[in-house]
1. Pop a pseudo-label 7 angstrom from the Cα along the beta-carbon direction at both residue B:149 and residue B:53 and give the gap in nm to one decimal.
2. At 0.36 nm per residue, and after removing the present C-alpha to C-alpha distance, how many nm does the segment from residue B:302 to residue B:61 gain when stretched out fully?
3. Label-point separation (nm) for residue B:268 and residue B:288, each offset 7 Å from Cα along Cα-to-Cβ?
4. Please list, in order, the residues from the range B:81-108 whose amide nitrogen is less than 15 Å from a point placed 7 Å along the Cα→Cβ vector of residue B:177.
5. Around residue A:96, which amide H atoms from residues at least 5 apart in sequence, or from another chain, sit under 5 Å from its own amide H, with H modelled in the peptide plane?
6. Which residue fluctuates most in the GNM of chain B (Cα springs below 10 Å): B:114, B:172, B:151?
7. Pull up all non-local amide H partners of residue B:50: gap of 5 or more, or a different chain, and H-to-H distance under 5 Å with H placed in the peptide plane.
8. Of B:100, B:72, B:201, which is the most mobile in a GNM of chain B whose springs link Cα atoms less than 10 angstrom apart?
Amino acid sequence: MGVVTLGSLGAWTLARSGSRLSTGLYMLFVIGIIMPLELGIIPLYAAMRHLGLVGTAHGMILLNVGHYMPLSVFFYASFVRALPKEYEEAARVDGASLFRTFVRVVFPMLRPVHGSVAVVIGLITWNEFFLPLIFLAGSDTQTLPLGVYAFVGEFSAQWTLIFAAVTISIVPVLAFFLFAQRQLIHGFAGGIRG
Amino acid sequence: MPFLSGRKLRRGGTRGNPLRVPWIVAFPSLAFTIAIHFLPVVVGLWYAFTDWDGLSPNANWIGLANFRTIFAHPATRSALWNTLLITGVFVVAVNVAGLALAVALNRSVKSRHVLRSLFFLPFVLMPLASGYIWRYIFDYTGVLNRFLQVVGLEEWVRPWFADPSTVLWTIVVVLIWQYSGLAMVFYLAGLQGVSDELWEAAAIDGASTWMRFRRITVPLLAPAFTVSLVFTTITGFRLFDQIIALTGGGPVYASETLATQVWKQSFVNGNFGLGSALALMLTGLIVVVAVTQLVVLGRREAAAA
């Protein structure tokens, strides 16, 4: 949710502000996509431990929102650029404030992107193992991959039990894929048409 | 792919345009990005040159000692080499496979939609979970070896993941299974832009199929190449979930990667300084290779346009 709202807001600004600064900022987001999180993970862990956020769902959500922000800005930016400006112009001429223009005009027009971003990032987060392993391991808050991992550690070589756990983690994604495959595939392909 | 073309962005508005949005509106998204991506990376950069253990209040500057350890210690040295090798083989193989699938499924085959979904499916499955399934298949008493025995190829039976000479190749096979569907989707999106008229015109002019592929399809696929190559390269370098599920880094250190070593050195051994140094190496590799790809391929895109 956070990613959709803030990401679209950020991208809209970037694409429309039309200044040199926005180009630089856009590059910043692109670098954010390319740069792996491994180097930042240790300071993040230290900082979150300090704030008491390690092992909590809140901390994990904050972390994920930040982690996937550049990706969502990137998705939105390519779509915002393709939007006709006339709608915004009309809204502004009619006296709508900046905020109203965004909420009433721009945000609804980005509807196809909301779907793609939510589906793509939702899926990546669901399957994510590295971040929860570091920030949630050993706590009461567990995600499915962590559960499977712990389960396999406990019942090593008992393949029937392991397959039960694997099945539980895969079936929801399968159902989701059948339901949303169009949006998913379009979402991943979306980066190209930009 | 406007990765590097800032000009496109600026076209959106002109100076003094009432549509200009003050950049402060982007602040929340920017703040998150800086807080989660850039700030920690700067701190991590510093940790890479210290001996911090994750608990003590202060970290001591030890210069390049961590990097010397990386090259001296078998686990980390093996991790560096494995990461390079796996990524190299994986990127080439997965893009060839993806492109072949895309070209094959771009034609009006009846079952193409079903087949596309089928090839894309492995990518959406949890890497950890599908990794365990593959471990079962390649296990010494697993499906593959039993099959080889039945068909009379006993001499091929081997402990795929426990033998240092086969473990990396077996991992690459699993990775290709997992990611060729994604590469296919990238290339399919690119192929949508190749018009039938162009192909027909070239055919009438007497160009062979190979010539048409080489001269029409490949240049028009330039943006797809960029995205697919950069994405699969980053994926290869950051390989983690699959290793944990398939081998755990073993036998001994034969399948450690930089990412698994970052985790083990930092969060298992409590050697956060060394872990940061490894992470810095991983980051450096990705940034150098990805930026080179973007620049080189971006130039090719421009040439093709």
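The values are calculated or read from the model by the stated rules, or taken from the named source; none is laboratory data. Worth saying up front: this structure is predicted, and the values here are computed from it rather than measured. Cβ: placed from backbone, ideal geometry, glycine included. Neighbour counts: every protein chain shown. What goes into the accessible areas is simple: the full protein's heavy atoms, side chains included, and nothing from ligands, DNA or RNA. Shrake-Rupley method; radii C 1.70, N 1.55, O 1.52, S 1.80 Å.
1. 4.9
2. That pair, residue B:302 and residue B:61, stretches by 82.2 nm at full extension.
3. 2.7
4. Zone members listed by number: none at all.
5. HN-HN under 5 Å from residue A:96: empty list.
6. Looking only at B:114, B:172, B:151, the largest GNM fluctuation is found for B:151.
7. Counting only residues 5 or more places away or on other chains, the set is B:62.
8. B:201
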